[in-house]
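Report on the structure given below.
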Amino acid sequence: MINYDFNKIEKKWQKKWQDKKIFEVNEDPKKKKYYVLEMFPYPSGNGLHMGHAFNYTIGDIYARIMRMKGYNVLYPMGYDSFGLPAENAAIKANIPPRKYTDDAIKNFISQQKSLGLSYDWNRMLKTSDLEYYKWNQYFFLKFYEKGLVYRKSASVNWCKKCNSVLANEQVHNGRCWRHGDTEVEIKQLEQWFIKTTQYADELLADIKKLEWPDRIKIMQDNWIGKSYGSEIKFEINGEKWPIFTTRPDTIFGVTFMVISAQHPKLNELITKDYKKEAETFLKKIRSTKQEDMDKLDKEGVFTGSYAINPLTNEKVPIWIGNFVVADYGSGMVMAVPAHDQRDFEFAKKYRIPVKTVIIPEDTRIITIEESLNKDFYSKVSKFAKISISDGLANIYSDKVDEVFALAKGNFIGSPWYIHSEGKIKKILFHSSKEDRIFDWSSGKGIKEAKDYGLKIKIKKEQLDFNELKQAYTGNGILINSRGFNDLRSDEAKEHIIKALEFKKLGKKTIQYKLRDWLISRQRYWGTPIPIIYCDKCGIVPVLEKDLPVKLPDKVKFGEGNPLATSKDFVSVKCPKCKEKARRETDTMDTFFDSSWYFLRYTDNKNHKSPFDRKKVEYWMPVDQYIGGAEHAVMHLIYARFFTKVLRDLGFFDKKINEPFPKLFNQGMLHGNDGFVMSKSRGNVVLPEEVSEKYGIDTARLFLMSIASPDKDTQWSDNGIEGSLRFVKKVFDVIPKIKTGKSSKRLESKINQTVKNITEEIMGFRYNIAVIKLRQLFEIIEQENEISKNDLDIFLKLLSPFAPHISEELWEKTGRKGFISLADWPVADDKKIDANLEKQEEAMEKTISDVLNILKIIKEKQGKDGEKIYLYVLPNEKDSYNEEMLSKRINKKIKVYAVNDKNKYDPENKSSKVKPGRPGIFVE
RNA sequence: GCGAGGGUAGCGAAGUGGUCAAACGCGCGAGACUCAAAAUCUCGUCUCUUAGUGAGUUCACAGGUUCGAAUCCUGUCUCUCGCACCA
């Protein structure tokens with residue numbers, strides 16, 4: 001076998017592709033377009049690792065097959081080059097961020113080119129280029145005009161390592177998304193926000209139209225977090241405070257209110273008498289780390305104020321609590337301790353009354369009067385019988401599913417109720433000393449609770465739900481709710497809202513968890529926000545004609561906001577009054593940049609506008625987007641939002657509603673040790689090293705064959721050897737193969753494989769496609785000759801995975817042009833012959849029979865079989881190829897038709913012959 | 001706590017009702033080639049059995065549905081990921 005010089009071949013074809021610009025595309029109305037896109041990378045100074053190669057190869061294969069299928073394929077690459085790491089590197093190594101970034105990009109490009117990716121490099125973009133980011137500013141102004149941008153003071157997430165605020169989406173588990181070890185602090189700051197919430201409904205509704213992995217869709221759904229509820233107005237100090245709740249059916253159970261410690265109007269409620277305690281409490285909360293907050297018990301203090309329940313006119317105390325989220329709903333909750341676990345815990349701690357207003361369906365409280373006086377059949381659970389006499393309670397039942405008795409102490413005193421459904425299984429007794437569960441399922445008939453030695457005494461005055469162990473949070477039947485008693489929760493919600501609406505004290509509302517997008521960053525390496533502050537005119541947007549606001553080169557780091565250190569930058573004249581004014585010194589979140597880059601690819605050199613409408617309308621939407629799941633609720637939500645806004649601003653046709661109708665989530669590539677590749681762990685596999693040793697085609701093929709590309713996979717230095725063997729063999733065998741006529745068997749196999757591989761690639765089951773390709777190659781190897789056309793087909797099938805050697809072999813076998821631009825093969829169904837498949841199986845079976853016999857002879861008789869004779873039915877003779885069999889079995893094989901008079905058959909094995917099953921004689 | 005997805009032979013990984021003792025790759029074993037090794041080629045690789053056969057036990061664990069289960073249902077254990085006091 002020759003040792004092929006893969007590196008030379010790779011360079012050769014990469015150069016040819018580039019010189020001939022074969023992957024560059026233009027709008028062509030005659031051709032169907034297809035837009036394949038991978039999430040563009042942040043160009044880190046560390047360069048690419050194998051994980052990137054894995055990701056890009058997935059997209060490249062897709063782009064290649066679509067191109068060969070005749071689509072006009074847009075497959076671009078660019079760089080999300082603004083951002084913190086460059087700035088930090090600049091501070092650390094004293095390199096200007098622009099230089100750091102440009103160097104990193106250069107490095108990325110050369111690495112990516114050596115991966116054989118078929119990008120249209122002519123469309124490359126960098127978000128840190130003035131030609132790109134000036135359009136960020138332009139969009140910001142457009143959004144501003146439309147009222148989609150606003151400035152407000154709010155509690156914001158602050159990461160001290162980033163030295164900047166973060167968007168809600170960038171806080172993970174109370175920590176910074178970039179700095180997993182850094183807790184986010186809450187600061188009160190005035191910042192720029194984008195009204196993503198204005199599109200919450202559409203963003204949510206359109207999720208179901210997307211062909212995305214379910215888990216990403218679910219994540220977005222949860223993130224937007226729509227909940228239906230109502231706003232109920234509670235009167236506080238003569239003022240109406242709207243309070244959001246999803247459980248208006250529990251309004252009669254409200255025994256207190258809790259306001260968030262961060263609520264802007266909190267101070268209005270704290271009365272003189274409670275000021276001291278409140279301040280101590282608030283101080284404590286503010287000094288608590290965000291992370292510890294979650295673990296804390298519910299805590300709070302009384303404000304001294306009261307709210308009036310609009311339906312009962314009861315006065316309930318207002319507490320400050322550490323568990324109420326300030327910016328969700330109304331920042332204050334109506335607390336129903338009997339039916340909300342948090343409220344329950346709080347009430348228990350501060351001995352606030354608990355009032356039960358919902359009981360599970362099929363449940364009735366047995367009132368003491370009823371219980372004490374007579375044998376009692378539960379009204380609802382018809383099969384439960386409770387008898388109470390002399391203060392002793394026994395429970396009898398044969399068909400009740402679950403009987404809950406809530407009791408206190410030695411089962412003495414306390415309220416209890418029975419809940420039943422279907423067959424009897426268990427009876428549960430809870431006591432404050434221990435929880436005991438009795439399995440009722442073993443007993444067929446009636447058992448007495450007292451058999452277990454239980455005595456239950458009930459006293460009237462102890463009917464007190466404060467003894468409940470936890471809140472009942474399910475739906476059920478209303479009690480203690482005046483006119484709404486006996487309604488089911490869902491009915492009660494409607495009725496109660498109606499009653500409140502009638503009094504103008506409440507209404508139905510919808511709440512979202514999604515918050516507006518905070519885009520201000522107190523950092524340098526980003527897009528300057530085009531705003532000017534004038535003492536006279538206030539906030540004044542930069543005029544469109546004055547764009548771009550260029551990011552200054554000379555700033556000082558480490559003294560707060562870097563842009564503020566550039567006097568030339570800050571000082572400006574007010575566009576309105578022409579007086580002295582100052583510029584905004586914050587920059588934009590880089591997710592702003594990545595929210596529309598896919599549009600810019602369609603027209604990346606446009607100086608006059610962000611993109612040409614026609615071009616966007618030709619190429620958009622992205623037909624296949626590829627990227628990791630880490631952007632499920634960040635980039636993917638922002639980009640969807642942006643697209644919808646630009647659509648509404650008339651930048652392109654109304655039909656473009658979603659940027660990425662189809663999304664593929666690739667898995668993570670782990671290192672040899674099974675852990676995520678990272679520099680600190682030292683398990684990073686570098687493409688150039690692998691490439692040098694095995695060739696990039698081999699690496700691509702291997703990456704795609706380890707596992708399904710949507711799964712996390714593990715790099716293995718051993719595994720790639722297998723792929724190398726295959727690549728070498730192909731490279732060795734193909735040029736030597738005799739071209740002529742393909743056998744029926746080969747034709748059938750080839751056409752079947754074309755069909756399979758096409759389907760597998762289209763479904764991203766690349767691993768299966770590679771297996772099919774290998775199986776096909778095995779057949780080709782076995783055959784004596786192959787037709788020119790079939791050989792071409794094989795190379796075409798190989799080419800998306802191993803483009804360089806495919807090109808090389810294409811050329812070596814005398815084909816013209818680039819295989820990358822050749823037509824993707826179409827299967828000829830007529831040539832697929834199921835009978836041949838059967839013959840194949842018969843042959844495999846025969847081989848294994850022969851081998852088995854050889855093994856047995858060796859074991860039993862200690863001799864090696866030398867010659868093998870097969871006796872086959874005359875019509876099957878052609879299916880048994882002596883040469884091929886001999887090669888497989890490594891022995892001389894002679895095939896006779898059973899009716900051959902001259903056959904050699906000393907033991908008359910030919911009598912054993914059956915269709916598809918030859919007789920075998922070994923000697 | 002809530003939500004999503006997993007657990008398949010020594011390892012990686014296909015397989016979602018019969019064609020499954022389970023593709024493919026790695027590893028390992030045997031043979032061929034060679035003076036020898038590497039490379040390459042062929043075969044084998046759950047257990048027992050066997051002139052090409054037959055039997056048994058498997059797909060986290062325990063039950064169940066079915067004529068039939070790796071595949072469907074229930075429960076348990078376990079791993080990964082996402083959200084996390086959202087009223």
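Here are a few things to note about the model shown:
- Hey, A:I706 among the β-branched types (V, I, T) and more than 10 Å from RNA strand B (Cβ to nearest atom) or not: no
- Only one of the numbered conditions (1) within 16 Å of RNA strand B (Cβ to nearest atom); (2) β-branched (V, I, T); (3) surrounded by fewer than 16 Cβ atoms within 10 Å (Cβ to Cβ); (4) modelled with pLDDT under 95 is violated by A:I771, and that is (4).
- Residue ID - farthest from A:T57 (Cα to Cα), chosen from residues in the range A:84-116 that are touching a strand residue (DSSP E or B) at 6+ places or on another chain (Cβ under 9 Å) and buried (at least 18 other Cβ atoms within 10 Å of the Cβ): A:L84
- Residues in the range A:38-77 that are crowded, with 24+ Cβ neighbours inside 10 Å, at pLDDT 95 or above and not in a helix (DSSP H, G or I): A:E38, A:V73, A:L74, A:Y75, A:P76.
- All strands (runs of 3 or more DSSP E) inside the range A:212-297 with 1 or more residues being of a type in the set (F, W, Y) and over 26 Å from A:A154 (Cβ atoms): A:256-260
- Number of the condition not met by A:E866 [criteria: (1) within 9 Å of RNA strand B (Cβ to nearest atom); (2) loosely packed, with under 12 Cβ neighbours inside 10 Å]: (1)
- Pairs are defined by a Cβ separation below 6 Å, a sequence spacing of at least 6 or placement on different chains, a first member in the range A:219-248 that is within 12 Å of RNA strand B (Cβ to nearest atom), and a second member that is of a type in the set (V, I, T) and in a loop (DSSP other than H, G, I, E, B); the pairs so defined are A:M219/A:V633; A:W223/A:V633; A:S227/A:T246; A:G229/A:T246.
- Selected residue [more than 7 Å from RNA strand B (Cβ to nearest atom), of a type in the set (S, T, Y) and more than 57 Å from the chain's Cα centre (by Cα)] from A:S910, A:S886, A:S879: A:S910
- Listing of strands (runs of 3 or more DSSP E) fully contained in the range A:433-543 that carry 3 or more residues being modelled with pLDDT of 75 or more: A:506-511, A:531-534, A:538-541
- Residues that are more than 9 Å from RNA strand B (Cβ to nearest atom), basic (K, R) and under 25 Å from A:K744 (Cβ atoms) within the range A:836-863 comprise just one, A:K838.
- Residue selected from the range A:803-840 under the condition within 39 Å of the chain's Cα centre (by Cα), part of a helix (DSSP H, G or I) and among the hydrophobic types (A, V, I, L, M, F, W, C), by the criterion surrounded by the fewest Cβ atoms within 10 Å (Cβ to Cβ): A:L821
- The range A:49-98, residues that are farther than 19 Å from A:N163 by Cα and without any contact (Cβ under 8 Å) to a residue 12 or more places away in the chain: A:I95
- Subset of the range A:27-37 [of a type outside the set (D, E), touching a helix residue (DSSP H, G or I) at 6+ places or on another chain (Cβ under 8 Å) and part of a loop (DSSP other than H, G, I, E, B)]: A:P29
- Selection count, the range A:653-672, where residues are more than 12 Å from RNA strand B (Cβ to nearest atom), more than 17 Å from the chain's Cα centre (by Cα) and either at pLDDT below 85 or not in a loop (DSSP other than H, G, I, E, B) (or both): 1
- Condition check for A:S911: surrounded by 15 or more Cβ atoms within 10 Å (Cβ to Cβ) and of a type in the set (S, T, N, Q): no
- Selection of the range A:713-725 for residues being touching a Gly at 6+ places or on another chain (Cβ under 9 Å) and more than 7 Å from RNA strand B (Cβ to nearest atom) yields A:W715, A:L724.
- Among the residues here, A:E859 does not qualify as acidic (D, E), farther than 30 Å from A:Y71 by Cα, touching a residue at least 40 places away in the same chain (Cβ under 8 Å) and out of contact with any strand residue (DSSP E or B) (no Cβ under 9 Å at 6 or more places or on another chain).
- Residue within the range A:286-306 that is more than 19 Å from A:G174 (Cα to Cα), touching a residue at least 60 places away in the same chain (Cβ under 8 Å) and more than 9 Å from RNA strand B (Cβ to nearest atom) present: yes
- Residue in the range A:536-557 that is farthest from A:N94 (Cα to Cα), counting only those that are over 37 Å from the mean Cα position of the chain (by Cα) and among the basic types (K, R): A:K536
- Failed condition for A:K728, given (1) outside any loop (DSSP other than H, G, I, E, B); (2) within 11 Å of RNA strand B (Cβ to nearest atom); (3) in contact with a Leu (Cβ under 9 Å, 6 or more places away or on another chain): (3)
- Considered as a group, the residues in the range A:166-192 that are more than 14 Å from RNA strand B (Cβ to nearest atom) and in a strand (DSSP E or B) include one that is surrounded by the most Cβ atoms within 10 Å (Cβ to Cβ), and that residue is A:W192.
- Unique residue being within 16 Å of RNA strand B (Cβ to nearest atom) and at pLDDT 95 or above when the list is A:L821, A:L746, A:L791, A:L798: A:L798
- Residue match in the range A:33-55 (condition: charged (D, E, K, R) and either farther than 19 Å from A:L599 by Cβ or out of contact with any Phe, Trp or Tyr (no Cβ under 8 Å at 6 or more places or on another chain) (or both)): no
- Of residues in the range A:843-853 being surrounded by fewer than 18 Cβ atoms within 10 Å (Cβ to Cβ) and in contact with a strand residue (DSSP E or B) (Cβ under 7 Å, 6 or more places away or on another chain), the one farthest from A:E923 (Cα to Cα): A:D849
- Where A:P310 falls short, out of the listed (1) assigned to a helix (DSSP H, G or I); (2) modelled with pLDDT of 90 or more: (1)
- Residue within the range A:846-856 that is modelled with pLDDT of 85 or more and among the charged types (D, E, K, R) present: yes
- Cross-chain or 6+ apart pairs with Cβ under 7 Å, the range A:732-751 first and more than 18 Å from A:S879 (Cα to Cα) and part of a strand (DSSP E or B), then modelled with pLDDT of 90 or more and among the hydroxyl-bearing types (S, T, Y): A:T739/A:S787
The values are calculated or read from the model by the stated rules, or taken from the named source; none is laboratory data. What you see is a predicted model; the values in this text were computed from it and never measured. Heads up, the Cβs are rebuilt from the backbone with ideal geometry, glycines too, and the neighbour counts pull from every protein chain shown.
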